[in-house]
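Written below as structure tokens is the structure these notes are about.
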Amino acid sequence: MSLDTWSPASWQNKTAKQQPQYPDQEQLQNVLTRLAKLPPLVTSWEIEGLREQIAEAADGDAFLLQGGDCSENLDDCENDSIVRNLKVMMQMSFVLIYGSLKKVIRVGRVAGQYAKPRSADMETREGVTLPVYRGDNVNRSGFTETERVPDPELLLRGYERSALTLNFIRGLSSRGFADMHHPENWDLDFATDSARSDEYHDMVGSITNSLKFMEAVLGSAIRQSESVDFFTSHEALHLPYEQAQTRRVPRREGWYNMSTHLPWIGYRTADIDGAHVEYFKGIQNPLGIKVGPKSDPAGLVDLIKYLNPDNQRGRITLIHRFGADEIASCLPPIIGEIQKNKLNVLFCSDPMHGNTFSTNSGIKTRSFDKISSELEQAFKIHYQQGSVLGGVHLELTGDNVTECIGGAKNLSEPDLERAYKSNVDPRLNHDQAMEIAFLIADQMKNHR
Ligand code: PEP
Ligand code: CO
């Protein structure tokens with residue numbers, strides 16, 4: 001379908017995978033009408049600004065740090081958890097900047113990451129079969145009929161929580177909290193076993209001294225160091241929700257998804273003929289595309305050309321997630337095809353989603369070593385092929401959860417039971433995330 005006939009609803013003529021079945025369609029329509037009237041969460045200026053920064057990262061002049069929960073919970077929209085997650089992203093970004101001397105683009109999987117793709121529609125436990133949990137804007141994770149039947153009202157709750165979260169993040173990142181003059185706000189504030197915590201403290205000291213030095217030389221305060229940009233992203237999976245937040249803006253061409261800066265297409269919904277790709281084609285936002293072992297290089301080139309016919313810089317971010325055992329065979333041909341076709345894309349490594357496995361007792365986890373290995377291989381392969389790895393995509397939390405095994409505290413399988421909080425995929429905890437930040441900074445230094 002060409003863009004002349006595209007509308008925010010044209011995806012409805014195609015097959016939409018991974019959509020919940022609502023028993024009451026009238027109630028759904030009613031909710032969507034209310035949603036479509038509510039104010040946007042982000043602005044087109046921010047979206048355009050992010051696209052320019054992604055183009056810089058694709059050229060190797062900036063680096064994308066995208067991270068956050070696998071799936072946000074409505075109940076976690078509270079002071080401490082927002083602060084902790086923002087803080088770990090800030091701390092990681094300082095490690096990356098310090099190590100690479102590049103600008104870091106911070107993008108949370110936040111303020112809208114409420115819809116999840118699942119491998120089956122139904123779940124059976126002890127003879128009882130119910131709809132699978134699809135994220136807090138669709139249904140709830142408890143295993144009862146009331147909790148699992150999709151409820152349209154949850155879309156409004158998700159939108160509202162997104163707005164509350166974003167409001168707080170905007171406040172924190174624009175004053176005080178993010179100010180480089182006040183390192184106490186983003187220093188490591190609890191005892192950490194991270195092998196690199198001394199290095200982190202030295203780095204913080206060095207940044208504040210450099211800032212003081214520059215201000216003394218200039219004779220004035222460096223105001224830009226008082227605030228940081230922080231962008232949002234989520235998998236734009238629930239198409240009726242995304243449609244309701246898709247708007248035109250004055251004095252700009254086209255349509256914008258105003259619920260997030262950087263929506264991405266999940267690995268399971270990236271068919272070129274499918275409804276998700278149809279929806280993404282018509283929006284102006286920069287787009288993420290998940291790429292994995294089943295993505296065929298030629299098909300991926302077709303998909304990119306379809307979504308970005310003018311080869312616009314900053315439009316496409318390829319988030320590759322092959323797994324530590326497959327990246328060496330899967331990534332090189334993809335880089336080759338992109339180079340051959342001279343496509344402008346930002347390559348970003350997601351070392352999480354290809355490395356998930358279940359323990360013997362049935363707990364979903366990831367090993368820190370596999371995650372590190374996929375990242376190291378990603379840097380090396382891009383470097384060897386003359387390409388740029390310009391970003392990472394991580395599932396992490398500032399909380400001290402025990403969801404991934406390994407890392408400095410060397411969490412093992414029995415530890416997983418202690419503080420496993422994710423409803424879907426396992427996240428790096430605070431220490432593990434900081435270690436990964438140091439590993440990325442080292443890789444960036446080694447592959448300059
Ligand atoms: C995710 O990012 O949580 C996810 C489901 O990823 P993927 O589409 O890569 O499997
Ligand atoms: Co996930």
At 222 nm, what value in deg cm²/dmol follows for the chain if DSSP H runs of at least 4 each add -39500 (n - 2.57) and the sum is divided by all its residues, to the nearest 500? -12500 deg cm²/dmol
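Quick one: which of 220-227, 300-307, 425-432, 345-352 comes out on top by average Cβ neighbours within 10 Å, and what's the full order, highest first?
My ranking of the peptides, most packed first, is 345-352, 425-432, 300-307, 220-227.
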Positive-end extreme of charge dipole, segment 252-367 - chosen from Gly354, Tyr256, Gly299 (charges on Cβ): Tyr256
Kindly write out, for segment 112-124 in residue order, the coupling ³J(HN,Hα) from the Karplus curve 6.51 cos²θ - 1.76 cosθ + 1.60 (θ = phi - 60°), rounded to whole Hz, with x marking Gly and Pro. x, 7, 10, 10, 10, x, 10, 7, 9, 7, 10, 10, 10
Can you give the % of DSSP beta bridges in the chain that are antiparallel, to the nearest 5? 25 percent
Under the 7 Å Cα-to-Cβ spin-label approximation, Asp271 and Thr208 lie apart by a distance in nanometres of 5.6 nm
Kindly rank 196-209, 256-269, 40-53 from highest to lowest mean number of other beta carbons found within 10 Å of each residue. 256-269, 40-53, 196-209
Distance between the C-alpha centers of segment 400-448 and segment 1-29? Whole Å please. 38 Å
Just need the Rg to Rh number for segment 285-342, please, alpha carbons only, Kirkwood Rh. 0.96
Net charge within 9 Å of Leu307 by Cβ-Cβ distance, Lys/Arg positive one each and Asp/Glu negative one each, not counting Leu307 itself? +3
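Give the calculated FRET efficiency between Arg84 and Ala408 to the nearest 0.05, with a Förster radius of 25 Å applied to their Cβ-Cβ distance. It would help to have the intermediate numbers written out before the result.
Working: r = 18 Å, r/R0 = 0.73.
Approximately 0.85, to the nearest 0.05.
Rounding to the nearest 20 debye, state how big the charge dipole of the chain is about its Cα centre with +1 on each Lys and Arg Cβ and -1 on each Asp and Glu Cβ. All intermediate terms of the calculation are to be shown ahead of the outcome.
Details: 48 positive and 61 negative charges, 247 e Å.
Once rounded to the nearest 20, the dipole reads 1180 debye.
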Please list, in chain and number order, the residues 5+ apart from Leu428 or on another chain whose amide H is under 5 Å from its amide H, with Hs placed from the backbone. Glu395, Leu396, Thr397
Straight-line reach from Lys294: which lysines have a Cα under 18 Å away, not including same-chain ones fewer than 8 places off? Lys17
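Using 0.36 nm per residue of separation minus the Cα-Cα distance, give me the extension gain between Glu126 and Asp59 in nm, one decimal.
Details: separation 67, 0.36 × 67 = 24.12 nm, distance 5.34 nm.
Extra length available between Glu126 and Asp59 comes to 18.8 nm.
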Given H placed on each backbone N at 1.01 Å, which residues far from Leu287 in sequence or on other chains put an amide H within less than 5 Å of it? Ile316, Thr317
Lysines with Cα under 29 Å of Lys445, excluding same-chain neighbours fewer than 8 positions away: Lys87, Lys102, Lys103, Lys212, Lys290, Lys340, Lys342, Lys370, Lys380, Lys409
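Based on alpha-carbon atoms only, what is the radius of gyration of the chain relative to the globular estimate 2.2 N^0.38 Å? Intermediate results must be reported in sequence, preceding the final value.
Working: Rg = 21.3 Å, N = 448, 2.2 N^0.38 = 22.4 Å.
Here the Cα radius of gyration is 0.95 times the empirical estimate.
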Dipole of the chain, positive end: most advanced residue of Ser173, Tyr383, Gln443 [Cβ charges, Cα centre]: Tyr383
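Which order do the peptides 377-390, 236-249 come out in when sorted by mean C-beta neighbours inside 10 angstrom, highest first? Please list the in-between numbers first.
Details: 377-390: 18.6, 236-249: 22.2.
Output ranking for 377-390, 236-249: 236-249, 377-390.
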For a quick check: with amide H placed at 1.01 Å from N, whose amide H comes under 5 Å from Trp255's, ignoring anything fewer than 5 positions away on the same chain? Gln284
The simple spin-label model distance between Thr5 and Glu145, using points 7 Å out along Cα→Cβ, in nm, is 4.4 nm
Karplus-derived 3J(HN,Hα) from phi for segment 323-330 (6.51 cos²θ - 1.76 cosθ + 1.60, θ = phi - 60°), whole Hz, x at Gly and Pro, runs x, 4, 8, 10, 4, 5, 8, 8
Whole-Hz couplings from phi, Karplus 6.51/-1.76/1.60, listed for segment 403-409; x for Gly and Pro: 10, 10, 8, x, x, 4, 7
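Coordinate-derived values only; no laboratory data. Note that this is a predicted model, so its numbers are computed, not measured. Reconstructed Cβ throughout: ideal geometry from the backbone, glycine too, with neighbour counts over all protein chains shown.
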